[in-house]
Amino acid sequence: MGSLALLVYLRSPRSLIRLSLVGFAFRRTLFREILRVGAVAALITVGTNLTIAIATGLVGQFGSAAIAGYGTASRIEYLLIPLVFGLGGPLVAMVGTNIGAGERERALRVAWIGAAIAALLCETIGLLAAAFPQAWLLLFDRDPAMLDAGARYLRVVGPFYGLFGLGMALYFASQGAGRLAWPLIANLARLTIAAAGGSLALRLSGNLNDVFLALAIALAVFGIINAAAVAGGAWFGPVRLRSLLPLRRKAIRLAPQAQC
């Protein structure tokens, strides 16, 4: 119904963009440009859901109450995605428009402002969830074991939601820049750390909190990699990390003057 409403609007005189089938034809170049971003974005979505599925399997080792607690608590993460999408949708258009106009600095400034807002909103929600987990969990059940597992998850992972919001906003901005290699790497890193780290924690300690800690680290790595890539210039070429060598050389040159 939503698609039909949008179709009617695009055919109406009120729409700035008039949808028309005149001259419609298959164009390989356009499909390639769309799929260059869209296909990678689809892989990232699959990776995100696969991470949740693997985490559910790991938590399932602690029983059905633990699964219920984790599943209920982690729904907050899914609710953060449409929240960040509300910022990410405009970021796609604004970043793409500015890069297309050659305004690279402005595109980056827009991306960082949007990412900062997303991080602040998500971190606020995460800290509130960590401080008052029962307020969310009691909406669904009152089983003590479920409440305990869900509260553990929110206390461990909730404080990292800011980095999740940061990474998601920069992922959307990277769509506008047409550069999704690093967001894909960040997503794969999150998947790997969650799966390998969670399995290792389960084997070595058998503690549910350690499994949740692995999930929190995976979430943080996702945000940090995306931020480091954008800061390192991934949109306009290879990522270049700052080296301490130039600073060291400068210090050596200044050392004799300081001694004098």
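The values are calculated or read from the model by the stated rules, or taken from the named source; none is laboratory data. Computed from a predicted model, the values in this text were never measured in an experiment. Backbone-built Cβ (ideal geometry, glycine too); neighbour counts: all protein chains shown. Accessible surface areas use protein heavy atoms only, side chains included; no ligands, DNA or RNA. Shrake-Rupley method; radii C 1.70, N 1.55, O 1.52, S 1.80 Å.
Can we say residue 149 is closer than 22 Å to residue 163 by Cβ and assigned to a helix (DSSP H, G or I)? For residue 149, the condition - closer than 22 Å to residue 163 by Cβ and assigned to a helix (DSSP H, G or I) - is not met.
Scanning segment 66-106 for residues that are crowded, with 17+ Cβ neighbours inside 10 Å and hydroxyl-bearing (Ser, Thr, Tyr) returns 70, 72, 74. Can you report the number of residues in segment 1-16 which are surrounded by fewer than 10 Cβ atoms within 10 Å (Cβ to Cβ) and more than 32 Å from the chain's Cα centre (by Cα)? Result for segment 1-16: 2.
Residue-level analysis places residue 28 outside the set of residues that are among the basic types (Lys, Arg), closer than 29 Å to residue 173 by Cα and surrounded by 11 or more Cβ atoms within 10 Å (Cβ to Cβ).
Residue 19 meets each of the listed conditions (1) of a type in the set (A, V, I, L, M, F, W, C); (2) touching a residue at least 40 places away in the same chain (Cβ under 8 Å); (3) open to solvent by 20 Å² or more (accessible area, probe 1.4 Å) apart from (2). Counting only helices (runs of 4 or more DSSP H) that sit completely within segment 1-107, those holding 1 or more residues that are under 22 Å from residue 213 (Cα atoms) and in contact with a Lys or Arg (Cβ under 7 Å, 6 or more places away or on another chain) correspond to 28-59. None of 131, 135, 149 is over 22 Å from the mean Cα position of the chain (by Cα), over 26 Å from residue 237 (Cα atoms) and surrounded by 23 or more Cβ atoms within 10 Å (Cβ to Cβ) except 149.
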